[in-house]
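> Before I ask anything, let me first share the structure, which is written out below as structure tokens.
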Amino acid sequence: MKDIDPRNLTADEWDELNFPRPDVNDFDQVVERAISRRGFLGGALAFGSGAAVMGTGMLSSTSAQAQAASRFPFTPIGIQTDFEVHVPQGYSTQVLARWGDPLMSAADGYDLTDGGPVDGSDMVFGENTDGMETFSFRGHELIAINHEYTNRGTNLPAGQEGTPADAGDVLKLQNLQGVTVMEVRETDAGWEVVKDSPFNRRITHNTPMTLVGPAAGHELLQTEADPTGTAALGTLNNCGSGKTPWGTYLTCEENFNGYFGSTESSIDQKPVALENGYARYGLGADGWGYDYHKWDARFDFSVNPNEPHRHGWVVEIDPTDPTSTPVKHTGLGRFKHENAEVVLAANGRVVVYMGDDERGEFLYKFVSNGTYQPGGSTEGLLDDGTLYVARFNDDMTGEWLALTPETTGMELAEILIFSRMAGSAVGATTMDRPEWISANPHAVEAYCCLTNNSRRGTSANAGGDEMVVNGPNPRETNEYGQIVRWRPHNDDHTSDTFDWDLYVMAGNPDVYNNVYGGTANVTSGNMFNSPDGMAFDSTGLVWIQTDGDDSNEGDFAGMGNNQMLVGDPVTGEIARFLTGPNGCEVTGLAWSSDRRSMFVGIQHPGGSWPDGSGLPRSSVIVVKRDDNGLVG
Ligand code: FEO
Ligand code: CA
Ligand code: CA
Ligand code: CA
């Protein structure tokens, strides 16, 4: 593992330090187990080869078209290990927005040499961009984008080693995270942020929000400051995103637990239910080093034991109304939300697919009771319905298990607040860290990146569910990741049964001649690890972004920097389109309304990207074709 700066830990790095990978892998045993599951591996391995080994009939179209000509209109690029962004010949990039760029003139003095002052830190583009969506509103082009976390070492004065020294330091960190809504426009000189646009808005760790849905008002959501349990402050660790058919933005709270701590060393005095919840969601007295709890009592769970329950939700934001109050939807469950992929079922019901990104946690689906009518009321469409969790069977079928008082023995509000425990109660399948889910606009199917799981096959999840090797999670100590996809029965996203297969198992075919070499659509020329961000474009190609080991050594030799690839869901072909600067994760992807520009997020870059000197700055870039053709 590369050297890690403890002041600037990503969530993955924090996790690896606290739960290091085993030193020894018993590869013989792993291969034996995987081969015994050749029923489905055969299907996945057949991609790109035209081989006849198929797990089920569902992949026959893949076989027939495996030799079809490439749909990719570019020459794939090689790996890189430098501190630049690379795209294929015929394409160009520009930087659109960087951490610290003023969104309003009042923040023009914001200065990054010292991490920037607290004044104005809620009027600049935040740090560590992640999920984003574009909106076209009355001729205005808007981007809503998440700021997942901060590098404390670069945001606080150098001598403090990334530790807040006062409440002002904490406020600055809180301001630089959350969400940005901004207007952008394309000029002859390229794309730019429209400074002082009335749409520009920062939503931070302190912005007032409402809690709605079946759990709103429950005693577990009540605090001294908000005895109603319906008025929360702030959205935390905003990771992936989603977009509703009615034009609102969904931001997903992932590793919210890391911001909380306790000024009492013991939490033994809390009721058992609370202790179980804290344990399952990873709350600990020290937090992850943000130290909010030492300066802002709201984050001290010895003082405010229910405040953590008010985070870990999906939050809806109207990007067209800067005065609107963001809404936390309890109906979508509480866990470490990655993204929220909204699909309209043929019958008009709203289906939301959601992953819980932690080792051995679950995949969820929400189905609304009501139906969406364009122009009609959307109230309740993200709250009144049923939350399901996925069970994958080794025979390549699966079911969505309803989380109800009858199936779980929990009351509805508890099911939503402690969704992980509800999932365990019904026997959900432990997954290899579900990251983004994306639905194919041209077929009734959805894909989920399972980024990696260093403890697959060796231990249990935080709830005690053993992470045994299983169908879509077939490799012990899985360091490369895979993408699972499912096709609902009857071509109906509200169906509670489905077929599944693996679209790709990442691996290193230069190092391994076994399951760790990946599926047949992984080659020396396109290999990657840890798929994470993912989005289908309007043509039905699937774009895959990585957040993996970019050491380019050992098991990761030949993979280079984190990257963005594009996949053909029909043939299985995958090609490398973009490489990011060393140290970065490529995450977040959206298109301009004319589809001639693609917006891509570069999170936690290394070196001094993109300025060439000074601090590295998380940024959004624009990718265009030189002939101004369509890019998705
Ligand atoms: Fe924030 Fe699971 O990535
Ligand atoms: Ca990240
Ligand atoms: Ca992610
Ligand atoms: Ca990740």
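The values are calculated or read from the model by the stated rules, or taken from the named source; none is laboratory data. Bear in mind the structure is a predicted one, so any value in this text is a computation, not a measurement. FYI the Cβ positions are ideal-geometry reconstructions off the backbone, even for glycines, and counts take in every protein chain you see. Heads up: the accessible areas ignore ligands, DNA and RNA and are worked out on the full protein's heavy atoms, side chains in. Shrake-Rupley method; radii C 1.70, N 1.55, O 1.52, S 1.80 Å.
> Can you list the HN-Hα couplings for segment 199-216, worked out from phi with the Karplus curve (6.51, -1.76, 1.60; θ = phi - 60°), rounded to whole Hz and with x for Gly and Pro?
So the J values, rounded to whole Hz, are 7, 5, 7, 10, 10, 10, 6, 10, 5, x, 9, 10, 9, 10, x, x, 8, 4.
> Take each of the peptides 351-361, 322-332, 253-263, average the number of other beta-carbon atoms within 10 Å over its residues, and list them starting from the highest.
Listed from highest to lowest mean packing, they are 351-361, 253-263, 322-332.
> Strictly over 26 Å apart at the Cα level, which of LYS243/LYS294; LYS365/LYS624; LYS195/LYS243; LYS172/LYS195; LYS336/LYS624 would you flag in this model? Before the final figure, lay out the partial values.
On the way: LYS243/LYS294 36 Å; LYS365/LYS624 35 Å; LYS195/LYS243 24 Å; LYS172/LYS195 21 Å; LYS336/LYS624 33 Å.
Too far apart for the 26 Å limit: LYS243/LYS294; LYS365/LYS624; LYS336/LYS624.
> Please arrange THR223, THR497, THR75 by accessible surface area, largest first, computed with a 1.4 Å probe and ligands excluded.
THR75, THR497, THR223
> Probe 1.4 Å, all protein chains in place: accessible area of ASP12 in Å², nearest 10?
Solvent-accessible area, nearest 10 Å²: 30 Å².
> Something else now. Return the Rg/Rh ratio of the chain with Cα-based radii and a Kirkwood Rh. Show your work: numbers first, answer last.
Numbers: Rg = 22.8 Å, Rh = 24.4 Å.
Rounded to two decimals, Rg/Rh equals 0.94.
> Restricting to the chain, compute how many DSSP beta bridges are antiparallel as a %, nearest 5.
Percentage antiparallel, nearest 5: 95.
> Computed on alpha carbon atoms, what radius of gyration and Dmax characterise segment 561-632, expressed in Å?
Gyration radius and largest Cα-Cα distance of segment 561-632: 13.6, 45 Å.
> Taking amide H positions as placed 1.01 Å from N in the peptide plane, with prolines and chain starts having none, which residues 5 or more places from PHE528, or on another chain, fall under 5 Å of its amide H?
Answer set, sorted by chain and number: GLY507.
> Largest first, what is the accessible-area ranking of TYR372, TYR503 with a 1.4 Å probe? If you can, show how the numbers build up before the last one.
On the way: TYR372 35, TYR503 0 Å².
The residues order as TYR372, TYR503, largest area first.
> Given H placed 1.01 Å from N in the peptide plane, which residues other than close sequence neighbours of VAL484 have an amide H under 5 Å from its amide H?
CYS448, LEU450, TYR503
> Further, regarding this structure: Report the accessible area of THR210, computed with a 1.4 Å probe over the heavy atoms of all protein chains in place, in Å² rounded to the nearest 10.
Roll a 1.4 Å probe over it and THR210 shows about 50 Å².
> Let me ask you something else. Using only alpha carbon pairs under 8 Å that are at least six residues apart, calculate the relative contact order of segment 6-625 and give it in whole percent.
Computed over segment 6-625, the figure is 15 percent.
> At 1.4 Å probe size, what's the solvent-accessible area of ILE574? Round to the nearest 10 Å².
About 10 Å², ignoring ligands and nucleic acids.
> I've got another one for you. Could you order TRP313, TRP295 so the one with the most accessible surface comes first? Probe is 1.4 Å.
Result of the area sort, largest leading: TRP295, TRP313.
> Can you work out the Karplus-derived ³J(HN,Hα) for every residue in segment 619-632? Use 6.51 cos²θ - 1.76 cosθ + 1.60 with θ = phi - 60°, whole Hz, and x for glycine or proline.
Karplus values, whole Hz, x for Gly and Pro: 8, 9, 10, 10, 10, 10, 7, 5, 8, 6, x, 5, 10, x.
> Based on the mean of other Cβ atoms within 10 Å per residue, sort peptides 433-442, 580-589 so the most packed one is first.
Order by mean packing, descending: 580-589, 433-442.
> Quickly rank 613-622, 416-425 as a protection proxy: mean count of other C-beta atoms within 10 Å, highest first.
My ranking of the peptides, most packed first, is 416-425, 613-622.
> List, in order, the whole-Hz ³J(HN,Hα) value for each residue of segment 558-569 obtained from phi through the Karplus relation with A = 6.51, B = -1.76, C = 1.60 and θ = phi - 60°; use x for Gly and Pro.
x, 9, x, 5, 4, 8, 10, 10, 10, x, 9, x
> Placing +1 on the Cβ of each Lys and Arg and -1 on the Cβ of each Asp and Glu in segment 6-625, which of VAL124, HIS309, SER324 has its Cα farthest towards the positive end of the resulting dipole?
Highest projection toward the positive end goes to SER324.
> If I compute solvent accessible area with a 1.4 Å probe over the protein chains, what percent of it on the chain is carbon and sulfur? Before the final figure, lay out each step's value.
Details: 10310 of 21350 Å².
Taking all protein chains in place, the chain shows 48 percent carbon and sulfur surface.
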